[in-house]
Amino acid sequence: MTRAVYIGGFGNGRLAGERVANTLVSERGYDDVDLFTFAGGMDNPDKLAKAVRGADVYTHSGGMVTLADTRPAYIEAYGAPLPTPIHTLVGRTAVKTVLMHTPGRGIRSFEDALAVGLYDTSCIGEYISHPRGNFGRLGEISGFNGITSAIDAVKFGITVSLVYNDGDEYFSPPYDESMVAINNGVRFAHIPGAHDDLVIRPAQTLERASAALALQQ
């Protein structure tokens, strides 16, 4: 049986994560995908380490932070954090939220409107249920460097792919840092879209990532 693990980003509840997990089954052919929220992974490091050991792991945004000291076989990280002051993250969240709800930008179809509504519902529930598990760890996200973490993982024999959206409202790795990652064995891809596209449009985002990463093989 082929198994994967999906770890959601900051504030993303299980409802939003289930869409990605189900799409990994339908689009990537896994028999089963274990789901962790960001807070769930951070609060249960032993459970997470056991779940990801030897598995393919997909993360969104801050979800990559939870993988410290774990040993998956493969990591595909979407929008992994880069060092950013907390106040800047908060400001970018305001921008992202407005753009996500803007017709023609974040909402381009009826399906998008439904997905954004589900995302909002999931996040509100997650913030209410696990406020400290999310807001209490903003500092860890702020100081995290997805590129150096990916390079370190490669040194342990883990295959790592970093995927960034061209319109990511939070993180945009400079070209020279991207090249450092590539030169150290990290697979690297830029695809169209915004920071939360993996959650809002999982099938389209995974398809774009697959095509972009295939060019590096």
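The values are calculated or read from the model by the stated rules, or taken from the named source; none is laboratory data. Predicted model, so just to flag it, every value in this text is computed and none were measured. Here Cβ is always computed from backbone atoms with ideal geometry, including for glycine, and neighbour counts include all displayed protein chains. Just the protein is used for accessible areas: all its heavy atoms, side chains included, with ligands, DNA and RNA removed. Shrake-Rupley method; radii C 1.70, N 1.55, O 1.52, S 1.80 Å.
The packing ranking of peptides 35-41, 172-178, highest mean first, is 35-41, 172-178, where packing means the average number of other beta carbon atoms within 10 angstrom of each residue.
Working note: Debye formula, equal point scatterers on the alpha-carbon atoms of the stretch 140-217, no solvent; log10 I(q)/I(0) at q = 0.20, 0.23 Å⁻¹ is -0.94, -1.18. Counting charges near SER26 (Lys, Arg +1; Asp, Glu -1) among other residues having Cβ under 13 Å from its Cβ returns a value of -3. The value obtained for the chain, namely the Cα convex hull volume divided by the number of residues, is 112 Å³ per residue.
Based on the Cβ-Cβ distance from PHE110 to VAL90, what FRET efficiency comes out when R0 is 41 Å, to the nearest 0.05? Write down the numbers at each step before the final one.
Working: r = 31 Å, r/R0 = 0.76.
Working from the Cβ atoms, E equals 0.85.
Across the protein chains, with a 1.4 Å probe defining accessible surface, the residues ASP120, ASP46 rank ASP46, ASP120 from largest area downward. A protection proxy built from the mean count of other Cβ atoms within 10 Å ranks the segments 48-60, 190-202, most packed first, as 190-202, 48-60. Note on the stretch 1-118: Kirkwood hydrodynamic radius from all Cα pairs is 15.2 Å, rounded to one decimal.
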